[in-house]
Structure formats: C-alpha cells, structure tokens
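Please read the structure below before turning to the comments.
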Amino acid sequence: MTKRALITGITGQDGGHLAKLLGDKGYEVYGIIRGQQNPKRRATEEEFPYVKLIEADLLDMSSLVRALQIAKPDEIYNLGAISHVGYSFKDPQLTADVTGKGCLNMLEAIRLTGGEKTVRFYQASTSEMFGGLEYNRPEKGYNEESQFHPRSPYGVAKLYAHWITKNYRESYGMFAVSGILFNHEGERRGVEFVTRKITNAVARIKLGLQDHVELGDLWPKRDWGYAGDYVEGMWRMLQQDKPDDFVLATGETHSIEEFLDLAFKEIGIDDWKPYVKQNPAFMRPAEVDLLLGDPTKAETVLGWQREVDFPGLVKLMVQHDLEIESQNK
C-alpha cells in the first residue's frame, strides 16, 4: 500500500527537501500551508505538483484535526515553526505559540482523531536546545543524553516541543520521535539566515550588484551540514521498530569566518574583510558560541551518514546563488 505523509512547514527549507525525498519514495504527500494567499503557495505547487496542500494552522487545533481527517497520514513530519533564532528575541510570544504550543496542538489532534496507535510522528528538535555554554559542553559533542540549556526564546520553545513529544510517547504509547538536528543549510535556505545571506551576497558582489554584506558576530562556531542529507535521517527515524530520539550532525565545527573564507574564495577573493561590515543590529542578546554534535547513535542505529562536507556545502550554495542572481540581473 502507498504510504501517506503529512508535512507541516512544507514551504520551508526542510519541507522542500523532504517533499522531494518522500515523492521519490512513492509516498502520497500532503502539506499544511497557512492562509489562502500564502506567497509561497504557487512556487510550492509548481515545484511539487504531486503534493496536496491543505490549509491549516498550528495555532488552530480544529484545522489540524480537519487536516488529519483529509490526509489520513501514516507519518507526520512537524517541521513548522518560527525558526529564526534572532527573530525569536523580537517576538518571543509568537515563537512560543507556534514553535512550542504548535507541536502540542498537532500531538493532541493526532490523539483526538484516534491516531495515537497508528500514526508515526516526527518532531523537528534543534541543537539550539543545548546552548553551547562552556561548562555544559561535552568533549566529543552533544549527544542524546546531554544537558539542555537553551539561550534563546526559539531554543526554549523547541525544548518544550521536544519534551511534550516525549511525554505523549510515554503517556499514550505514540510512535513519536524527535530529531535533534544541528545546523543544516543549503540552496533552499532563506536569505535571512546567515549562511544564505553570505552566499547570496557573495554572488551579488561577484556580479557587481552590491559591494558589501552586513553581519553580526563572526566568531560563533556551528556544526554545519547539508539539509538534503538530514531529511533522509528524519525519514529513517520513522522506519524503526521502536520510537527513539536521535542527534543528526557532522561531528565537526566551523566559524562564520571560515564560512566567509570559503564563500569568497569561490569567487576568487582571498581577503573578505573589505566586503564585510559588522552591524550591532544583527547581534543577539545571548549568543551560543559553539555547537558540536555527536552523530554516533544515528550512524550506528539508523545507518545514517552525511554525504556533503563543509567545503562542498559552501560551494553548492555559492554556485546556486550565482546562477539565480545571474538570471535576475
């Protein structure tokens, strides 16, 4: 029988990668989209004509119940969230409602429609839950047993969603798992995120469309992987015999300065400093200085491994933005 999957956050980076993955695997794919006039609707329909879009909202449980009744999913991937860490400081209440309570609403909708024994649920957790504080930093990287200490409203909201997913698994016997994903980027990433902001600016500088890029702190280090690799891990989590949580990461960390080095070298510029200006407006009240993940469990149990390395990720993103900006020039 053809499996049916429902994706929240279908218009986001991971939603696009996952829609392609599941479509290639022969799934019947449904996606939740907010509002009739959603600006991303047309692009999503054109790229994924096989995806059936359902209008619903993570803040409206009745709409989620309706979506479940329409899609009748075997698997649900909850990727929908206010996912920009910096923005979460500007609107912490909305972040809490969508990113935290939205997960609860979906879990409760599953329970109310009788799906607690039949539906497999994936929650998109995040490395931002760990916080990266020096006293709380394991030598080999954060794993599934590491202590949480989120440093942003986004991280706090995701931690609530993570624990409520675990609670529904333990309370109702639901096949509910969380993927604790470290930073994963790619050509689908929004330009408001620092990696895509850099690669888009680099492409525009190469083409003479702008002369610099404004960034916040340059010293934070992240465990950066390719989003296309990570959605494969999400899918594998829901194919296991028993529900469990997994860290997906590369096991290596790089600074924003290193990202800038590789991005500018891709267009033949060795010294990026004349092209980068630091703007205090992009600096956060509390920053996570280093995040490093330990993917040992995912590699051992799921057989998952990343395929795109850090230089390959930066190259992929710069080349994509060069192509896009050349077409728009």
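Quick one: is A281 more than 27 Å from K140 (Cβ to Cβ), surrounded by 13 or more Cβ atoms within 10 Å (Cβ to Cβ) and of a type in the set (G, A, S)?
Details: more than 27 Å from K140 (Cβ to Cβ): yes; surrounded by 13 or more Cβ atoms within 10 Å (Cβ to Cβ): no; of a type in the set (G, A, S): yes.
Taking the combined requirement at face value, the residue does not satisfy it.
Out of the residues in the stretch 39-60 that are in a helix (DSSP H, G or I) and touching a Leu at 6+ places or on another chain (Cβ under 8 Å), state the one that is surrounded by the fewest Cβ atoms within 10 Å (Cβ to Cβ).
Among those that are in a helix (DSSP H, G or I) and touching a Leu at 6+ places or on another chain (Cβ under 8 Å), it is E45.
In the stretch 83-202, which helices (runs of 4 or more DSSP H) lie fully inside it and hold 3 or more residues that are over 24 Å from E257 (Cβ atoms) and touching a Leu at 6+ places or on another chain (Cβ under 6 Å)? Reasoning before the result, please.
Details: elements: 85-90, 92-95, 102-112, 153-172.
Output list reads 102-112.
Do we have any residue at all in the stretch 249-270 that's touching a His at 6+ places or on another chain (Cβ under 6 Å), touching a residue at least 12 places away in the same chain (Cβ under 8 Å) and crowded, with 16+ Cβ neighbours inside 10 Å?
Pass one, the stretch 249-270, residues touching a His at 6+ places or on another chain (Cβ under 6 Å): none.
No: the stretch 249-270 contains no residue that is touching a His at 6+ places or on another chain (Cβ under 6 Å), touching a residue at least 12 places away in the same chain (Cβ under 8 Å) and crowded, with 16+ Cβ neighbours inside 10 Å.
List the number of the failed condition for E214; all other conditions in (1) outside the structural domain of V314 (by TED's automatic domain parsing); (2) in a strand (DSSP E or B) hold.
Every listed condition holds for E214 apart from (1).
Does V288 meet the test of being in contact with a Gly (Cβ under 6 Å, 6 or more places away or on another chain), β-branched (V, I, T) and in contact (Cβ under 8 Å) with a residue 60 or more places away in the chain? Even if it seems obvious, please write down each step before you answer.
Details: in contact with a Gly (Cβ under 6 Å, 6 or more places away or on another chain): yes; β-branched (V, I, T): yes; in contact (Cβ under 8 Å) with a residue 60 or more places away in the chain: yes.
Spelling it out, V288 is indeed in contact with a Gly (Cβ under 6 Å, 6 or more places away or on another chain), β-branched (V, I, T) and in contact (Cβ under 8 Å) with a residue 60 or more places away in the chain.
Table: residues versus (1) under 22 Å from T99 (Cβ atoms); (2) touching a residue at least 12 places away in the same chain (Cβ under 8 Å).
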| site | (1), (2) |
| --- | --- |
| R34 | yes, yes |
| N38 | yes, yes |
| T44 | yes, yes |
| K52 | no, yes |
| D57 | yes, yes |
| S62 | yes, no |
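Kindly indicate the residue of the stretch 1-26 that is in a loop (DSSP other than H, G, I, E, B) and out of contact with any Leu (no Cβ under 9 Å at 6 or more places or on another chain) and also nearest to C103 (Cα to Cα) among those meeting that condition.
First, pick out the residues of the stretch 1-26 that are in a loop (DSSP other than H, G, I, E, B): 1-3, 9-12, 25-26.
Checking which are out of contact with any Leu (no Cβ under 9 Å at 6 or more places or on another chain) leaves us with 1-2, 11, 25-26.
On the way: M1: 28, T2: 26, T11: 17, K25: 26, G26: 26 Å.
Among those residues, the one meeting the criterion is T11.
Within the stretch 8-40, which residues are closer than 21 Å to A227 by Cα and charged (D, E, K, R)? Working first, answer last.
So the first thing to find is which residues in the stretch 8-40 are closer than 21 Å to A227 by Cα, and the list is 8-27, 29-33, 40.
Selection gives D14, K20, D24, K25, K40.
Is it the case, given these coordinates, that A201 is in the same structural domain as Q93 (by TED's automatic domain parsing), in contact (Cβ under 8 Å) with a residue 12 or more places away in the chain and touching a helix residue (DSSP H, G or I) at 6+ places or on another chain (Cβ under 9 Å)? Can you show your working first?
On the way: in the same structural domain as Q93 (by TED's automatic domain parsing): no; in contact (Cβ under 8 Å) with a residue 12 or more places away in the chain: yes; touching a helix residue (DSSP H, G or I) at 6+ places or on another chain (Cβ under 9 Å): yes.
So A201 fails the test.
If you scan the stretch 138-188, which residues turn out to be within 15 Å of C103 (Cα to Cα), touching a residue at least 24 places away in the same chain (Cβ under 8 Å) and aromatic (F, W, Y)?
Y154, Y160, Y168, F175, listed by residue number.
Rundown of residues vs (1) within 18 Å of S178 (Cα to Cα); (2) in contact with a Lys or Arg (Cβ under 7 Å, 6 or more places away or on another chain); (3) charged (D, E, K, R), yes/no style:
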| position | (1), (2), (3) |
| --- | --- |
| T2 | no, no, no |
| G35 | no, no, no |
| K40 | no, no, yes |
| S63 | no, no, no |
| S83 | yes, no, no |
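Can you name the residue in the stretch 168-201 that is of a type in the set (S, T, N, Q) and more than 22 Å from I82 (Cβ to Cβ) and, of all such residues, is surrounded by the fewest Cβ atoms within 10 Å (Cβ to Cβ)? If you could, list the steps in order and put the result at the bottom.
Step one: list which residues in the stretch 168-201 are of a type in the set (S, T, N, Q), which gives 171, 178, 183, 195, 199-200.
In the following step, the residues that additionally are more than 22 Å from I82 (Cβ to Cβ) were identified as 171, 199.
Details: S171: 13, T199: 29.
Filtering first and then ranking leaves S171.
The values are calculated or read from the model by the stated rules, or taken from the named source; none is laboratory data. Nothing here was measured: the structure is a model prediction, and the numbers come from that model. For neighbour counting, all protein chains shown are included, and Cβ atoms are generated from backbone atoms with ideal geometry for every residue, glycine included.
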